[in-house]
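Taking it in order: structure first as structure tokens, then the write-up.
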Amino acid sequence: MRDHNKAFCRLVAETFDCPGPVLEFGSYQVEGQVDYADLRGLFPGKTYVGCDMRPGPGVDRVEDVTAICLDDETAGTVLCIETFEHVFEVRRAFDEVYRILKPGGLFVITSPLNFRIHGYPDDYWRMTPNCLRRMMAPYAARLTGYQGYHAFPHSVMALGFTDPAPADFAGKATSLVDAYHAWLRQAEAGLPLAKKVRRGLAQVYRSKGERKQIAAYYRANFFMDVDAPLANAG
């Protein structure tokens, strides 16, 4: 789990009333991420169930996200943070998440795009921003975005509410976007001096494409859809 994905998830939890129970798919905390990748503390007072295809740190329940052993409309919030790139039957996983969500349920997803192949236990997919936006279309209200250089972002992210979506969704989604942009500015400004120097030097000796990737790493763009014509949220 990368810092910006955890920050996005935290800001979602702080901005929206995330209904319970909360189920995380891909909760296995790999070596080097134990405790850091634990999202339970973001949802105090909510029943939280960590699910993964194998037992281990952070896993309460062994589940295959493409064939979830739960009844329809039983989950309040589903988290899939940097998970679906590891799911071969990815379209089936999207369908299963939608199936188990209650009316007014929330789905939060992040996934890498321009990122190295990493196997936990394997790595299959990369979704473009438009692909993720299309996958989220069944949700009554959704916010879809990307981070990085617009021609090849390093990450995509989204959230969606099943019908009935909160009446204040648009306002809260806009607040979330503003908060995430603020976090990105703070994260970039807070980089260690050595990393800032390396980033500056990279603008001299890297290729044009690499320079654009580095310069836009902490930039993000989002699109809001609320069962109406598409609206750009900044």
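Any read-out appearing in this document is the output of simple, stated calculations on the displayed coordinates, not a laboratory observation. Fair warning: this is a prediction, and the values are worked out from it, not measured in the lab. Here the Cβ positions follow ideal geometry from the backbone for every residue, glycine too, while neighbour counts run over all protein chains shown.
Computed over the stretch 147-196, the P(r) tail beyond 12 angstrom holds 75 percent of alpha carbon pairs. Here is the list for the stretch 26-67: chymotrypsin sites (Phe, Trp or Tyr not before Pro) lying in DSSP coil, each with at most 15 other C-beta atoms within 10 angstrom of its C-beta, are Tyr36. The value obtained for the stretch 8-145, namely the Cα convex hull volume divided by the number of residues, is 108 Å³ per residue. Per residue, the convex hull spanned by the Cα atoms of the stretch 85-173 amounts to 93 cubic angstrom.
Give me the log10 of I(q) over I(0) for the chain at q = 0.14 Å⁻¹, as the Debye formula computes it from C-alpha points; what are the numbers? Taken in order of the listed q values, log10 I(q)/I(0) reads -0.90.
Within the stretch 109-150, the proportion of Cα pairs with more than 17 Å between them is 38 percent.
Coupling constants for the stretch 66-71 follow from the phi torsions by the Karplus curve (6.51 cos²θ - 1.76 cosθ + 1.60, θ = phi - 60°), and in residue order they are 8, 8, 6, 8, 9, 6 Hz; glycine and proline get x. The loop-placed chymotrypsin sites (Phe, Trp or Tyr not before Pro) in the stretch 114-188, going by DSSP, that have at most 16 neighbouring Cβ atoms within 10 Å of their Cβ come out as Phe115, Tyr124, Trp125. Helices meeting the span-like rule in the chain (full DSSP H runs, Cα extent of at least 15 Å along the helix axis, mean Kyte-Doolittle score of -0.5 or higher): 3-15, 90-100, 169-189, 193-205. Given the pairs Lys6/Lys102; Lys6/Lys46; Lys172/Lys212; Lys172/Lys208; Lys6/Lys195, which span a C-alpha to C-alpha distance of over 27 angstrom in this model? Beyond 27 Å between Cα atoms: Lys172/Lys212; Lys172/Lys208. Projecting the Cα positions of Gly41, Ala75, Gly56 onto the charge dipole of the stretch 37-77 (unit charges on Cβ atoms of Lys, Arg, Asp and Glu, taken about the Cα centre) puts Gly41 furthest along the positive direction. Restricting the trypsin sites (Lys or Arg not before Pro) of the stretch 137-209 to loop positions (DSSP other than H, G, I, E, B) with no more than 15 neighbouring Cβ atoms within 10 Å leaves Arg206.
Computed as a quarter of the hull surface, the mean projected area of the alpha carbon convex hull for the stretch 1-83 stands at 5.3 nm².
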